[in-house]
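Before anything else, here's the structure in question.
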Amino acid sequence: MSGGVRVSILLFCSQSAGSVAEILESLISYVHDRGPDHELIVVLDGHLVGLYARFQERLAGDGQVTLVGLHAQQGQVATIRAGLAVARGQAIVTFPSYPQVDTDAIPPILEALAAGADYVVGYRVGRQGSPFKRLASRMFNGLIHATTGVAFHDLACGIHGMRSSVSRAIPNYGDNQLFLPILLAREGFRVTEAAVPASRSEPGLHLFSPAALGRRALDVLALSYLVRFTQKPLRPFGAVGVVLTLIGLLLCAVLVYQRIFLHQSLADRPMLLLALLLVTSGIQVVILGFLGELLIYLHFRDQVNYRVQEEVRGEVISDAASNEAELRHG
Amino acid sequence: MVEPSRESDIDISVVVPVFNESESIPRLLDEIDAALSPGGRSYEIIVVDDGSTDGSWEVLARLAPAHPRLHAIRLASNRGQTPALMAGFDASRGRTVVTLDGDLQNDPADIPRLVDKLDEGFEIVSGWRRQRQDKMISRRLPSIVANRISRLITGVTIHDNGCALKAYRGQVLRAVSLYSDFHRFIVPLAQMGGARVAEVETHHRARCFGTSKYGLERTVKVAADLLTLYMVTRYSQHPLRWFLNLAFPVGVLTVIVTVWSLVVWSSATEATQLLVPLAGVVLLMQSLFAILGYGLFAERIRQLAPRRSRRVRGRILATSQGPDGEATLLIHEQGVQNVGLPVRIASGPS
């Protein structure tokens, strides 16, 4: 057993936020209250050098707290992965460095993990936000659902939990934490949600800047592209390509008919270009889908694409079976 | 790789993927027991719960003590039918593997007849729902169309590939890798590989519990998957050939259009009369070079594919019956492979 540590709480910080020091204090007192089977890991992204120096001073000599500092700015997912690499607990809770939830959100996450989940996403109840903000949040989660097929209430919530076995399978993709549950769900892990109380100190209005909103929308697009098209590339590409090619061939047929039977000139008609363009680009779209399928067929078809949660057997099968087999052969 | 030792003393593995079938499961298990226990064959029932949310797993766990043959597997999340079947196949140990749907529309009483037919010397025996108890437009018609098209493309000879009730020789089945939604294509894949396939008429019952998990849009997906299947099975070992086949007509067209544009050029009076054919030539040439370039990509993808794989895969060369029992010979990328027990190498098509 890894030093008797049961729960690792991972405070990850990839953006400088004013309230991180208060959150740190509340988490320190949380793990001290719970005793030595809890540990706290604080991970700071590379550009937060000043914060690292301050925290180093604050945390010196505390045996329950580990401080990790990345060497360069590498984003949210890399920050979380760095923390997971040193986490020793069987259950790991990632805690956001901005005021979304308080420490009373940790027990519901742990309960959901104990109930059999591999990965838990918290969703806040009793939020104080404005109607506009709630609408924006609902639209964002709806967009995720529509594009990736995975439904979550509150993907913007930063408190997640996972088993240590899952932490080793965390995909190194993207730089946003919200990618993790979606990708893990696609891998066959059991991803569930847990209701957590929203922070009492959450500021009333925290809106994303237009730039952040744009980045996030691009993230979602990239993710849905990855999730949708990597498994069965020929379905979308083949459909689009075949339709383009067929329209082009139809146009070609019309043009040839008009040239031969109606004696219209062909050479000076831009319609001819359109027809050729449709056929050639349609074929190339199909080809790209075929290349994708070829890649999967030749390289990934042996991948085990299911994950067994548990097994139950009736009474011993093999003994009864071998007895019967002996009877029949003997 | 297939481990011969896993082919233990069990004759039949019944593999049933279930998704939200808590009402059907008790009757299903009873009916399988009723069908198989009088026959004298040993068997196991592998039920794969594909992430059900209606308490199917609790039903299975509760029934396990009363059903000594049951081996229930719960997947961590809902993965779809192909991964669920793979989980069942990977856990199966029987010399014969029988699959059926968990919704009671297949009658387990048909299993012994399928297995008997298999023992006559086939690798796969499929059920044939001659009298289907389903809605005509949304269920039967798509199925008939899909079967026709897939017969045309793959050369499958059976009538009802959509029937879930099928019996397979375990060695052959466990040598197949399924991904995507390819559980529908086990028969065409195996038949292209030389497997002998037979069919037996089976009963088909109307749905008693629950609702169907599929709709009409499935036909479109199956069509796309058929295209995939056709391409990868025929060209995955020499993809450049597919691209050359495609490049040939484009090349011919390029030459024709080039010659024609030269003719137009010689008699052109206005600039636009020249521009359109010239643009056509450029377009076709770009397309030709793109096709050839993609062909080289495809060839590299094939060359870099891993040689070792989890499963044996290949064409079935022969099944032989020797003093040590029976075995199946497969031809695959690394030569002839004996799957199962040792036998003399039979002469067969190469």
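The values are calculated or read from the model by the stated rules, or taken from the named source; none is laboratory data. Predicted, not measured: the structure shown is a model, and the values here were computed from it. Reconstructed Cβ throughout: ideal geometry from the backbone, glycine too, with neighbour counts over all protein chains shown. These accessible areas exclude ligands, DNA and RNA; they are computed on the full protein's heavy atoms, side chains included. Shrake-Rupley method; radii C 1.70, N 1.55, O 1.52, S 1.80 Å.
Got at least one residue in the stretch A:262-284 being open to solvent by 60 Å² or more (accessible area, probe 1.4 Å) and within 44 Å of the chain's Cα centre (by Cα)?
Scanning the stretch A:262-284 turns up at least one residue that is open to solvent by 60 Å² or more (accessible area, probe 1.4 Å) and within 44 Å of the chain's Cα centre (by Cα).
So which of A:Leu288, A:Leu251, A:Leu244 ends up being modelled with pLDDT of 85 or more and in contact with a Pro (Cβ under 8 Å, 6 or more places away or on another chain)?
On inspection, the qualifying residue turns out to be A:Leu288.
Does B:Val281 fit the bill of being open to solvent by 30 Å² or more (accessible area, probe 1.4 Å), more than 30 Å from B:Ser52 (Cβ to Cβ) and at pLDDT 80 or above?
Judged against the criteria, B:Val281 is not a match.
Here's a follow-up. Among (1) closer than 30 Å to A:Arg301 by Cβ; (2) at the interface with chain A (Cβ under 10 Å from one of its Cβ atoms), where does B:Phe19 come up short?
Of (1) closer than 30 Å to A:Arg301 by Cβ; (2) at the interface with chain A (Cβ under 10 Å from one of its Cβ atoms), only one is false for B:Phe19: (2).
Scanning the stretch A:53-100 for residues that are out of contact with any Gly (no Cβ under 9 Å at 6 or more places or on another chain) and among the charged types (D, E, K, R), which turns out least open to solvent (accessible area, probe 1.4 Å)?
Ranking the qualifying residues of the stretch A:53-100, first place goes to A:Asp62.
Test each condition in (1) in a helix (DSSP H, G or I); (2) more than 30 Å from B:Arg174 (Cβ to Cβ); (3) more than 7 Å from chain B (Cβ to nearest Cβ) for A:Ser265 and report the one that comes out false.
For A:Ser265, the exception is condition (1).
Right, something else. Among the candidates A:Val31, A:Val68, single out the residue that is assigned to a strand (DSSP E or B), of a type in the set (A, V, I, L, M) and assigned by TED's automatic domain parsing to the domain that holds A:Asp175.
So the residue among A:Val31, A:Val68 that is assigned to a strand (DSSP E or B), of a type in the set (A, V, I, L, M) and assigned by TED's automatic domain parsing to the domain that holds A:Asp175 is A:Val68.
Now for a separate question. Which of the residues that make up the stretch B:89-116 are within 11 Å of B:Val18 (Cα to Cα) and within 14 Å of another protein chain (Cβ to nearest Cβ)?
Once the filter is applied, which keeps residues that are within 11 Å of B:Val18 (Cα to Cα) and within 14 Å of another protein chain (Cβ to nearest Cβ), the stretch B:89-116 yields nothing.
Just for the stretch A:280-307: of the residues that are hydroxyl-bearing (Ser, Thr, Tyr) and out of contact with any strand residue (DSSP E or B) (no Cβ under 6 Å at 6 or more places or on another chain), which one is nearest to B:Ile186 (Cα to Cα)?
A:Tyr297
Another one. Can you pull out the residues in the stretch A:101-123 that are open to solvent by 20 Å² or more (accessible area, probe 1.4 Å) and of a type in the set (Ser, Thr, Tyr)?
Residues satisfying the conditions are A:Thr103, A:Tyr123.
Condition (residue is β-branched (Val, Ile, Thr), modelled with pLDDT under 75 and open to solvent by 20 Å² or more (accessible area, probe 1.4 Å)) applied to the stretch B:154-164: is it met by at least one residue?
Within the stretch B:154-164, none of the residues are β-branched (Val, Ile, Thr), modelled with pLDDT under 75 and open to solvent by 20 Å² or more (accessible area, probe 1.4 Å).
Does A:Leu244 meet the test of being in contact (Cβ under 8 Å) with a residue 40 or more places away in the chain and touching a Phe, Trp or Tyr at 6+ places or on another chain (Cβ under 9 Å)?
no
Let me ask you something else. Regarding the stretch A:212-234, can at least one residue be identified that is hydrophobic (A, V, I, L, M, F, W, C), at the interface with another protein chain (Cβ under 8 Å from one of its Cβ atoms) and either open to solvent by less than 80 Å² (accessible area, probe 1.4 Å) or closer than 30 Å to B:Glu299 by Cα (or both)?
Taking every residue of the stretch A:212-234 in turn, at least one turns out to be hydrophobic (A, V, I, L, M, F, W, C), at the interface with another protein chain (Cβ under 8 Å from one of its Cβ atoms) and either open to solvent by less than 80 Å² (accessible area, probe 1.4 Å) or closer than 30 Å to B:Glu299 by Cα (or both).
Which one of these does B:Arg241 not meet: (1) part of a helix (DSSP H, G or I); (2) more than 8 Å from every other protein chain (Cβ to nearest Cβ); (3) in contact (Cβ under 8 Å) with a residue 12 or more places away in the chain?
(3)
Among the numbered criteria (1) touching a helix residue (DSSP H, G or I) at 6+ places or on another chain (Cβ under 7 Å); (2) under 30 Å from B:Arg74 (Cβ atoms), which one does A:Thr103 miss?
Status for A:Thr103: all satisfied but (2).
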